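The block underneath contains the structure these notes are about, expressed in structure tokens.
The values are calculated or read from the model by the stated rules, or taken from the named source; none is laboratory data. Values in this document were obtained by computation on a predicted structure and should not be read as measured data. Ideal geometry is used to build each Cβ from the backbone, glycine not excepted, and the neighbour counts take in all protein chains shown.
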Amino acid sequence: MTASQLSPAYTRKHIEIRPKEVILLSHPSPLDHKRKRHAQTQKHQRDRMKAALEELANTLGSQGVGATGTRAEVVEMAVEYILGLQREIEGLRDRDRSESL
């Protein structure tokens with residue numbers, strides 16, 4: 001039976017293994033579906049991470065930190081910036097405590 005004699009629904013569910021006169025068809029396995037879904041999930045996670053790092057870099061850049069560089073550099077700059085903010089907050093709290101006494 002050739003590919004043209006098969007119903008369209010039947011041919012959509014199968015893949016052609018050899019592009020010669022003899023056509024061998026195989027059913028897609030559940031493992032193929034699982035691999036495809038896993039690959040899609042990983043791509044989605046990579047896209048989310050990329051978008052978040054770009055937003056972080058832009059935010060740090062708008063704060064005068066100059067966030068350009070590798071992903072690791074962006075994260076390191078974010079950590080340094082957050083630690084600096086925490087020190088600033090603690091300093092303001094200490095000042096308020098000493099003024100209220």
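Points to keep in mind about this one:
- Condition broken by GLU76, with the remaining ones in (1) surrounded by 11 or more Cβ atoms within 10 Å (Cβ to Cβ); (2) at pLDDT below 65 satisfied: (2)
- Selection status of GLU99, over 23 Å from the mean Cα position of the chain (by Cα), part of a helix (DSSP H, G or I) and modelled with pLDDT of 90 or more: no
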